[in-house]
Amino acid sequence: MYQKTRIYPLAIFVKTLLVTFAIARVSGTFKKNPFLPPAPQQPSYYHPAPAPPPIVYHPAPAPPPVFYHPAPARPPPPPPRQRPPQIIIVPVQTYPAHPAPRPPPVHPAPPPPHPVHPPPRPVHPPSHPIHPAPVYTQPAPPTKVIQPTLVIQPILYPGGSGGGGGKGGKGCNCHGK
């Protein structure tokens, strides 16, 4: 992977200073031309060192995900200690041979007192309707009277000549001739 080396401004300044002294020492060994006019003195401006290249901070790689495993299950609680069974003695209710005498009856409460004054009568009697509404009823159907009809039929005997007289039915010849 490409890795930048960081350049420190102090190191640049020290290098520039060393190079300048080296050039000044070397140039001092040469003789100057006497015919040349003296070089104009220029003020020495120290330019600031060039800005170092921007440092780009790449975000750190994401940490590996953390997996939280569930906590191990708790061991089951120990079974409760068994207590020895307790013997409970319950008294048995014994009943007397004869029933217990009943308490004397309590006298009933006296009836509530009657009101001294009867309730007042209404001043105005209830009003009756002046014209009562007519009551419509259908007339009853006529009752049927069943009259029994008496039918008299002669009793016929064999050998006789029909009904009639005192000794009828014996075949007398007193009638019908």
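The values are calculated or read from the model by the stated rules, or taken from the named source; none is laboratory data. These numbers come from a predicted model, not from an experiment. Quick reminder, even Gly has a Cβ in these numbers, built from the backbone with ideal geometry, and neighbours come from all protein chains shown.
Quick check: is even one residue across region 164-176 touching a Phe, Trp or Tyr at 6+ places or on another chain (Cβ under 7 Å) and at pLDDT below 70? Yes, because at least one residue in region 164-176 is touching a Phe, Trp or Tyr at 6+ places or on another chain (Cβ under 7 Å) and at pLDDT below 70.
Looking only at residues of region 1-17 that are of a type in the set (Val, Ile, Thr) and surrounded by 10 or more Cβ atoms within 10 Å (Cβ to Cβ), we find that the one that is modelled with the lowest pLDDT is Ile7.
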